Amino acid sequence: MQPFKPEKGPWQDAAFRATVGRELVHRRAVSEVFPTGLVRNSATDFTVSAQWPRWHVFYGVRGNRFDSALVLETVRQATILIAHAGLAVPLGHLFLMPHIDVAMTADRSPESGQPTQVTANVNVSGLRETPDAITAFRVAATFHVDGQEVARGDASARIVDPVIYRRFRPARLGSAAIGNIDPVPAAAVGHTSDWNVVVGRPATRHRWPLRVDTTNPILFDHPLDHVPVVLLIEAVRQALRLAFEDPALDFDDFSSQFIALAELDDKHEVVLESVARNEVGHRAVASIQSGNKAVMRAQASFRPRRQEPVGLTRGIGQSTQPAGPGRVRTRNE
């Protein structure tokens, strides 16, 4: 397969006139494409421009700063854009993300009635390749609005040829999602539609069933044979919003590690393993589990309106260390 060579276009000058091609960020809906440009500054440094919408049905403004989930999705799209348009990874190759970290570094509200013009300085490291293809790399991004740093993101990517991917996962392609799980009230987790609720009513005080709706046009913009990263991280955030009865709760920072693909036809639970106070707020450790097996682990810092979580068992909050191994870098998109 020949390396992909993007045609010269207006998106290559890091302007804000139009979005990049949707295929370059693995999106079907143009409205869900955030990057607008890409400039290669050196062998390992890129500038990605992006536009964040003034309103969105899923992402929003949390208090006086941008939504961490919007930063997360922009990190994901920027990583894929750099791979295709900057590193000549062929279109059609699949991306698995072993980890994604995001930190919100400034309280900054978007201007009223205006979309936000964002510039991300992105460094690529840990490049791994065979004679025929790039197989893995890592990105570290710093996001600026009007010259002010507002967030940072760090992610790693593994790249898989589609022929090899289907050889290892033929039975999973086209698999159906699990049956319907009653959602918690949308308002309780900071949304206005049940469509965006990704946790169900808890069976125990600190466990919530994962709710996967493959018809959601944001989380499942294109067909997937597994539960996407953005949904899993949102499930942790919604669980914390329920635990602290704070629908506006957002992460100051989070670190997520993906141990295995979360299969669409498996049942999963969001498990809040520990919550403890720190100097500025709280630190939580959570996981997504299928049976007794964790498919994702996450740590997050946040500043809730309540000082203590509601109705959790006494054991919660005694430790900020994960119950299992630390960062395990394997899979997920």
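Computing FRET efficiency as 1/(1 + (r/R0)^6) for T192 and R108, where r is the C-beta to C-beta distance and R0 is 22 Å, gives about 0.40. Each listed q (0.11, 0.19, 0.21 Å⁻¹) maps to a log10 I(q)/I(0) for segment 194-312, found by the Debye formula over equal Cα scatterers with no solvent: -0.34, -1.00, -1.20. Shown here are the Rg and Dmax of the Cα trace of segment 117-211, at 20.1, 52 Å.
One chain, two ends: D154 and N180. Fully extended at 0.36 nm per residue, the span grows by 6.0 nm beyond their Cα-Cα distance.
Set the Förster distance to 35 Å, then compute FRET efficiency between N292 and R17 from the Cβ-Cβ distance, nearest 0.05. That gives a FRET efficiency of 0.10. Within the assembled protein chains, the solvent-accessible surface assigned to L219 is about 10 Å², based on a 1.4 Å probe. You can think of it this way: the chain between R167 and R201 has 8.5 nm of extra reach, that is 0.36 nm per residue less the Cα-Cα gap.
D by Stokes-Einstein for segment 117-162, Kirkwood Rh over Cα pairs, 4 °C, 1.567 mPa s: 108 µm²/s. At q = 0.12, 0.13 Å⁻¹ the log10 of I(q)/I(0) for segment 21-163 amounts to -0.46, -0.54, computed by Debye summation with a single uniform scatterer per C-alpha, solvent ignored. Take 25-33, 269-277 and order them by the average number of nearby Cβ atoms within 10 Å per residue, most first; the result is 269-277, 25-33. Projected label points at N64 and V280, each 7 Å from Cα along the beta carbon direction, are separated by 1.4 nanometres. Given their separation in residues at 0.36 nm each and the Cα-Cα distance between them, H222 and E308 gain 27.1 nm when the chain is fully extended.
A simple spin-label model places pseudo-atoms 7 Å from Cα toward Cβ; at N121 and R28 they are separated by 3.8 nm.
Suppose R0 equals 30 Å. What FRET efficiency, 1/(1 + (r/R0)^6) with r the Cβ-Cβ distance, do A248 and N41 give to the nearest 0.05? Rounded to the nearest 0.05, the efficiency is 0.20.
The values are calculated or read from the model by the stated rules, or taken from the named source; none is laboratory data. All values derive from a computational prediction rather than experimental measurement. Please note: Cβ atoms are built from the backbone with ideal geometry, for glycine as well, and neighbour counts cover all protein chains shown. Quick note on the areas: whole protein, heavy atoms, side chains included, nothing else; ligands and nucleic acids left out. Shrake-Rupley method; radii C 1.70, N 1.55, O 1.52, S 1.80 Å.
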